[in-house]
1. With a sphere of radius 9 Å drawn around the Cβ of Q24, what net charge do the other residues whose Cβ falls strictly inside it have (Lys, Arg +1; Asp, Glu -1)?
2. Go through 53-60, 26-33 and give me the packing order, highest mean Cβ count within 10 Å leading.
3. Please identify every one of the trypsin sites (Lys or Arg not before Pro) in segment 81-178 that sits in a loop by DSSP and has no more than 14 other beta carbons within 10 Å of its own beta carbon.
4. What FRET efficiency would be calculated for the residue pair S102, E183, taking the C-beta separation as r and a Förster radius of 22 Å, to the nearest 0.05?
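Read-outs: derived from the displayed coordinates by stated rules, not from any lab. Treat the numbers as computed from the prediction; the structure is a model and nothing was measured. Ideal geometry is used to build each Cβ from the backbone, glycine not excepted, and the neighbour counts take in all protein chains shown.
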Amino acid sequence: MIDATTDATTGGPHAFPPPPLDQQERMAEALLFAATEPLRIADLAARMPAGCDPAEAVASLRRRYAGRGVELVRVGDAFAFRTAGDLGFLMQHHTVEQRRLSRAATETLAIVAYHQPVTRTEIEEIRGVAVSRGTLDQLIEIGWVRVGRRRQSPGRPVTFVVTDGFLDHFGLESTRDLPGLSELRAAGLLDARPAAAGLPLAPGGAGSDMGDDDTDGQGGGNRDAGLSGDLFDDD
């Protein structure tokens, strides 16, 4: 007689019990190591045997790799193996020099990161100049900005938010890890220009943490009209 257990994901029965946790860790480790992009818990669950707990396996792996040369880091709502931040200097000789973003693209990217979800009109109000279609197209093409939900206001304009690719490139777990206003001012990366009307600065702290649903409201990130073009240079 086969001993049936319950599938933790579907709630239905399956014929065999799940593998031990150490085996689940090995499976998750193999999937994450071979992946070309960060994987979500749901991605792991879809590939691992029924009854596995990929969330627990990932949590255990993160503890196991903490402080090592390669660490399992969170990127948005996904996970990926990355070289430990303090060892990045060892990889410098492998770095390929990339073309820097234009000042317009850099400022637009910074505004989206700190003000998301933000419309094109709001970006223009903050920068004080019109935003060319090519600027946003460039940021979308390189995968750092994507179109969010439409604003529930007249005309229902589309909004723009940063992507997990942006977070991954800059080593951020979420936009909450963006430098705060005091840090930007101390580094000389914040101009003294006042914020645009209707888009007040949030007090202190870092940006908002937008999920897949993208808030329909005015957005929750730090709002500032004067982010220097040096903040997000693409080296």
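1. Spelling it out: positives minus negatives among the neighbours equals -3.
2. Ranked from most to least packed, the peptides come out as 53-60, 26-33.
3. Details: sites: R82, R99, R100, R103, R120, R127, R133, R146, R149, R150, R151, R176; in loops: R99, R100, R151.
Those satisfying the criteria are R99, R100.
4. Between S102 and E183 the formula returns 0.35.
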